[in-house]
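The values are calculated or read from the model by the stated rules, or taken from the named source; none is laboratory data. Please read these numbers as outputs of a predicted model, since none were measured by experiment. Glycine gets a Cβ as well: all are built from the backbone with ideal geometry, and neighbour counts include every protein chain shown.
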Amino acid sequence: MIRDDLPHQIRLALERLNDLGALMALDLTLDIAGEGQAPDLAARELRSELLDAIESLHPPQNLPTRSRAARSYVLLYSRYVQEMTTEEVMDLLAISLRQYRREHRKALETITEIIESRLQERLVLARRETTPASVLREAVQQETWALAQRAEAVFVDVGALLRETIALMRPVAEAHGVELRDGTLGHARAQPSDRSLFVKADRTIFRQILISMLSYALRQVTYGVITARAQVCRGVVIEISAEPWCEPPVRNPNWLAACQLVVSQRGRVSHAVTGQRWVAAIHVPAIRDHSVLVIDDNEDAIEVFRRHVMGHPYTIHTAHDGSEALKLAPRLQPDVITLDIMMPGLDGWETLQRLRALPECRNTPILICSVLNEPHLAAMLDATAVLPKPFTQSALLSCLERLTRSSGPPSRDT
């Protein structure tokens, strides 16, 4: 049964879109969870549905932001996804407060209609389910919930993982008479070494998502073609297409597991059938490289930094002395600064003090990397952490991971 206060609940959910704890407490989230789904997974599922509904309003690429046809999408995306203020959205759209209220009401009505339609579809499917199917869904939810609870987020190269998974599943596909293709390699916007295909996720869970999706597709296609590719499109999108497509069962454990696991990794799934072609898309937020300013007069030491972060989401910038660093840091505004102590001219301690005096670097994590291990002096001069030389790759990556996590997310492509 659809709630009578659904419009109010949708508005509350939009206002709490980026606050998982607040979403979990909503009555609408509890209705979605029912008996057997964890509240946080239900909250992520509701968030995914709202984001997908907003994206469904996205206007054509060549349509101006301030055009009437784009207003609902721009208003909802700017106000609730980007968390802009009402005044900022009014300025963006060049509209008055009265116009904003009218457009806001119209946009909320549209989103409510979309969500209500999807909830009705869920109710219809629920009525079709037999007791064994209900039991199956609950079992899948419990299994995926247990796996998600043990998740360990790391940087995952989606392109490489997809190639590995396709190689694993290819013999299974051949047994079904299906050609399994890797569409990433031939796609202009994603190359095998494309660093923009990194995501922050549990690698085991992400691999299982890909396996479950491909297994689901293989059950519906015989003597056909399945193509999987990773691309960059407002994050990372893994697209899986299959043809000729057979009508799938109402419930399938592979599909249920994949969807639940995608939600646990802060992603969402969309899918559609056009004629005999089925296309599913897994949308996951992308990770962009963190900028690291390495201040060191020793070129060999700088090369160690470059070698250790290779294949990880960090971009190294260099300054060979304190004076150069003081000019570069305000302009670059790096996510992390590493600082050697024994340098000609300005030594590391004086450089540290002058960096902290700059407004742009007042809160930047600064990691002292030196053979001089002086943690107490470093702390007194407001260094964030100390990593004595020589250091291992794992020690450096651990420090950078901790410091970038505490300083907030890196910049994202727009």
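Couple of notes before you dig in:
- Helices (runs of 4 or more DSSP H) fully within region 258-364 that include at least 3 residues being modelled with pLDDT of 90 or more, at positive phi and buried (at least 16 other Cβ atoms within 10 Å of the Cβ): none found.
- Of all residues making up region 213-241, the number that are hydrophobic (A, V, I, L, M, F, W, C), at pLDDT 80 or above and closer than 24 Å to Glu45 by Cβ: 9
- Enumeration of residues in region 270-306 that are under 29 Å from Ser212 (Cα atoms) and either among the polar types (S, T, N, Q) or over 21 Å from the mean Cα position of the chain (by Cα) (or both): Ser270, Ala272, Val273, Thr274, Gly275, Gln276, Arg277, Trp278
- The single condition among (1) assigned to a helix (DSSP H, G or I); (2) at pLDDT 80 or above that Ser196 does not meet is (2).
- Hits in region 65-94 (condition: outside any helix (DSSP H, G or I) and of a type in the set (Lys, Arg)): Arg66
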